[in-house]
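First comes the structure, then the notes that go with it.
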Amino acid sequence: MEEFLIDIELRNIRNYILKGIDLNIQKGELFVLLGPTGAGKTTLLNVVAGLIPYEGEVFFNGKSMNHTSPKDRKIGYVFQKLALFPHLTVKSNIAYGLRSQKWAPARIEKRLNEIMEMIDLSHLADRYPGNLSGGEKQKVALARAIAPCPQILLLDEPFQNIDLRSTKLIRLEFKRLQRDLKITTLFVTHQLPEAEEMADRLAVLNHGRIEQIGTPKEVLFQPQNDFVSSFIGSPNILPCRSSVALGSGLIEADCDGIKVIVPHEGEKVKNIIIPAKDVFVSSESPPGPHINRFRGQVIALQGNGALKVIKVKVGKHLVDAEVPGGMASSHHFKIGQEVYVVLKLGKIMVSEG
Amino acid sequence: MKGMDLKWSTISILVFFLLWELIARSHVFPSILFPPPSEVLATGFDLLRRGILLKSVGDSLLRVFAGILLGLALAIPVGLLMGWVEIFEKLFSPIISLLFPIPGIAWLPLLIVWVGLRQGLPILLISIVVFFPVILNIATGVKSVDRENILAARTLGSSELRILVSIIIPLSLPIILTGIRIEVALAWRVLVAAEMIAIPTGIGALMSRSESLLQIKAVMVCLGLLSIIGLIMDLSLRYVERRVTAKWRNF
């Protein structure tokens with residue numbers, strides 16, 4: 001298996017959008033390109049695929065790909081709009097790459113069954129794409145891309161058109177699949193949680209340049225510049241001294257006086273982080289279980305009409321909460337006021353150390 | 001066809017013929033100029049029995065089919081190239097823009113001089129008439145194919161020829177078939193005109209001859225036939241169109 005793995009090196013890639021991209025992606029790595037719309041994420045994927053002109057050099061395993069056409073680069077590409085062939089059935093869509101690469105019919109049949117089994121598409125084999133749900137289409141696109149055993153997988157915001165609940169499941173399934181296939185993967189997204197959840201490492205892109213490369217934790221905890229910190233939304237970071245396992249995947253972390261329950265297994269907790277938009281503030285005691293609910297005092301109110309940032313002192317910490325303007329005014333928050341702060345359990349991230 | 005159902009179509013057509021029959025039989029107009037449909041039908045059977053009708057219609061149909069096939073054979077490669085490769089579009093577009101506006105029948109004098117009055121003349125005329133719209137229609141069809149589909153095929157290892165055959169042609173077929181329906185109607189128009197003016201056989205020639213002998217009933221038989229033939233061809237092309245694309249469209 002090992003000899004099929006590919007590493008990617010990009011050297012000073014330039015074109016009408018990209019302004020000098022240097023990047024090394026390791027064998028079998030799931031590498032995420034994160035950035036706002038127009039940052040050049042898709043463009044970079046298309047460079048790796050060889051679909052658009054560029055200057056600079058692309059190497060797969062040290063071998064220059066500059067004069068290799070897309071069809072010979074052995075890539076699987078899941079396009080943003082999925083680009084399923086509307087006139088072909090699910091099965092024929094998945095078989096397209098195999099037939100293009102002139103696999104023997106018996107081998108095609110075997111591979112099709114294998115793939116459709118793996119991605120759970122067998123029951124949809126004879127349907128046409130127009131007749132599938134968003135999640136099903138996404139699976140077909142993925143199946144079509146990986147059927148010819150590509151060495152590199154490129155995914156352009158593939159989970160965008162799926163409702164939120166299915167997305168979480170598909171992300172996890174996809175990550176498992178990627179691990180099983182051990183295929184070097186470039187994954188484009190503009191959503192931080194998706195990047196944080198999927199990535200082995202990630203690069204933050206803006207205006208055709210790389211702002212930062214690192215593991216999700218490095219990027220979250222040590223943003224290298226203003227753009228990165230504003231893009232990831234300056235999350236609250238609470239240092240923790242100790243933690244106690246509560247069982248069933250939960251721990252109680254003691255963070256300088258306040259005790260926060262966090263979904264976590266494994267190493268000792270160093271910091272917990274939670275984006276400001278996932279901190280809930282209320283002047284009255286909110287309904288629901290008393291988990292991660294603290295009392296605090298409003299220290300400052302910032303921001304414009306649409307979005308207000310309320311700074312609340314909780315124990316020794318200063319916690320930022322982002323609140324829609326309408327909600328802030330209906331609560332009549334005032335400086336010095338006593339409020340309830342809730343850290344939403346599912347949104348808390350943990351760094352180990 | 002939209003806006004048509006069998007019951008109302010039957011009523012509407014029956015009323016039309018009934019009114020016609022009544023007005024014609026009331027002798028408001030001279031019956032030689034405005035015969036009732038029953039007599040037109042009788043003349044039609046007479047012409048059929050004498051073999052004139054079948055011969056004329058056969059000649060015309062043959063010309064339409066041959067002309068369209070020749071036009072398509074010449075235009076399809078050009079149209080595909082224009083839609084597929086930008087440089088060909090830039091090269092061919094100006095020429096087509098110059099020649100396309102010329103009314104089809106206006107080519108007739110030139111063709112008479114070049115080929116003479118032989119069987120090839122109407123076929124060539126039809127092929128010229130359909131040539132330009134077919135090119136534009138195919139180029140439009142090809143360009144309507146989602147570009148990401150083509151890129152996807154490329155990343156899947158497909159050759160350009162396979163992309164053309166397996167992706168571009170099937171996906172542009174709906175637009176191309178719609179175009180062909182319009183082009184068939186164009187072909188009939190120019191053929192009947194040419195047969196009336198210059199060609200001694202075919203349904204247009206039969207009309208022209210009957211008119212000069214003041215056989216209005218025969219003229220009307222021809223008009224009726226043209227209507228029915230046109231309708232049948234349009235319906236069959238719509239049927240083909242549906243059969244080709246129904247599986248994957250209209251979801």
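The values are calculated or read from the model by the stated rules, or taken from the named source; none is laboratory data. Only a predicted model underlies this, so the values are computations on that prediction, with no experimental measurement involved. Counting neighbours? That spans all protein chains shown, and the Cβs are built from the backbone with ideal geometry, glycine included.
Pick out the one residue from B:Ile123, B:Ile95 that is crowded, with 18+ Cβ neighbours inside 10 Å and at pLDDT 90 or above. Going through B:Ile123, B:Ile95 in turn, the sole match is B:Ile123.
May I ask you to verify whether A:Ile52 is crowded, with 20+ Cβ neighbours inside 10 Å, under 27 Å from the mean Cα position of the chain (by Cα) and within 11 Å of another protein chain (Cβ to nearest Cβ)? In short, no. Return a yes/no flag: does the range B:233-245 have any residue that is aromatic (Phe, Trp, Tyr), touching a helix residue (DSSP H, G or I) at 6+ places or on another chain (Cβ under 7 Å) and either in contact (Cβ under 8 Å) with a residue 24 or more places away in the chain or under 26 Å from B:Lys143 (Cα atoms) (or both). Checked against the condition, which is being aromatic (Phe, Trp, Tyr), touching a helix residue (DSSP H, G or I) at 6+ places or on another chain (Cβ under 7 Å) and either in contact (Cβ under 8 Å) with a residue 24 or more places away in the chain or under 26 Å from B:Lys143 (Cα atoms) (or both), the range B:233-245 yields no hits at all. List the pairs whose first member sits in the range A:14-37 and is more than 22 Å from A:Glu157 (Cβ to Cβ), whose second member is among the aromatic types (Phe, Trp, Tyr) and part of a loop (DSSP other than H, G, I, E, B), and whose Cβ atoms are under 9 Å apart, counting only residues at least 6 apart or on separate chains? Within 9 Å, the pairs are A:Arg14/A:Tyr54.
Residues that are on the phi < 0 side of the Ramachandran plot and exposed (fewer than 15 other Cβ atoms within 10 Å of the Cβ) number at least 3 in the following helices (runs of 4 or more DSSP H) confined to the range A:74-188: A:105-118, A:164-181.
Residues checked against (1) buried (at least 19 other Cβ atoms within 10 Å of the Cβ); (2) within 30 Å of A:Val78 (Cβ to Cβ):
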{"residue": "B:Phe88", "(1), (2)": "no, no"}
{"residue": "B:Gly104", "(1), (2)": "yes, no"}
{"residue": "B:Leu110", "(1), (2)": "no, no"}
{"residue": "B:Ile128", "(1), (2)": "yes, no"}
{"residue": "B:Asn137", "(1), (2)": "yes, no"}
{"residue": "B:Val145", "(1), (2)": "yes, yes"}
{"residue": "B:Arg154", "(1), (2)": "yes, yes"}
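Can you find a residue that is modelled with pLDDT under 85 and acidic (Asp, Glu) anywhere in the range A:224-242? Yes; the residues of the range A:224-242 include at least one that is modelled with pLDDT under 85 and acidic (Asp, Glu). Quick one: would you say B:Leu214 is within 28 Å of B:Pro109 (Cα to Cα) and over 21 Å from the mean Cα position of the chain (by Cα)? Taking the combined requirement at face value, the residue satisfies it. Residue count for the range A:313-353 under the criterion of being among the β-branched types (Val, Ile, Thr), in a loop (DSSP other than H, G, I, E, B) and within 29 Å of the chain's Cα centre (by Cα): the result is 1. Can you find, within the range A:63-90, the residue that is farthest from A:Val48 (Cα to Cα) among those that are at the interface with chain B (Cβ under 7 Å from one of its Cβ atoms) and not charged (D, E, K, R)? It comes out as A:His87. Checking each residue in the range A:48-67 for being part of a loop (DSSP other than H, G, I, E, B) and either on the phi > 0 side of the Ramachandran plot or outside the structural domain of A:Tyr16 (by TED's automatic domain parsing) (or both) picks out A:Gly50, A:Asn61, A:Gly62. Among the residues of the range B:42-74, those identified as within 16 Å of the chain's Cα centre (by Cα) and crowded, with 18+ Cβ neighbours inside 10 Å are B:Val57, B:Asp59, B:Ser60, B:Arg63, B:Val64, B:Gly67, B:Ile68, B:Leu70, B:Gly71, B:Leu72. The set of residues in the range A:208-243 being among the polar types (S, T, N, Q), touching a residue at least 60 places away in the same chain (Cβ under 8 Å) and either surrounded by 20 or more Cβ atoms within 10 Å (Cβ to Cβ) or farther than 21 Å from A:Val279 by Cα (or both) consists of A:Asn236 alone. A count restricted to the range B:58-103 and to residues that are of a type in the set (Asp, Glu) and over 29 Å from B:Leu226 (Cβ atoms) stands at 2.
Yes/no matrix, rows are residues, columns are (1) farther than 30 Å from A:Leu88 by Cβ; (2) surrounded by 11 or more Cβ atoms within 10 Å (Cβ to Cβ):
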| site | (1), (2) |
| --- | --- |
| B:Ser212 | yes, no |
| B:Ile216 | yes, yes |
| B:Met220 | yes, yes |
| B:Leu223 | yes, yes |
| B:Leu226 | yes, yes |
| B:Ser236 | no, yes |
| B:Arg243 | no, no |
| B:Ala246 | no, no |
| B:Arg249 | no, yes |
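Does A:Lys137 count as of a type outside the set (S, T, N, Q) and within 28 Å of the chain's Cα centre (by Cα)? Yes: the conditions hold for A:Lys137. Only one of the numbered conditions (1) surrounded by 14 or more Cβ atoms within 10 Å (Cβ to Cβ); (2) without any contact (Cβ under 8 Å) to a residue 40 or more places away in the chain is not met by A:Gly249, and that is (1). The single condition among (1) free of Cβ contacts under 8 Å to residues at least 60 places away in the same chain; (2) touching a strand residue (DSSP E or B) at 6+ places or on another chain (Cβ under 6 Å) that A:Pro86 does not meet is (2).
Applying the criterion of being assigned to a helix (DSSP H, G or I) and among the hydrophobic types (A, V, I, L, M, F, W, C) to the residues of the range B:131-145, the residue that is nearest to the other protein chains (Cβ to nearest Cβ) is B:Val142.
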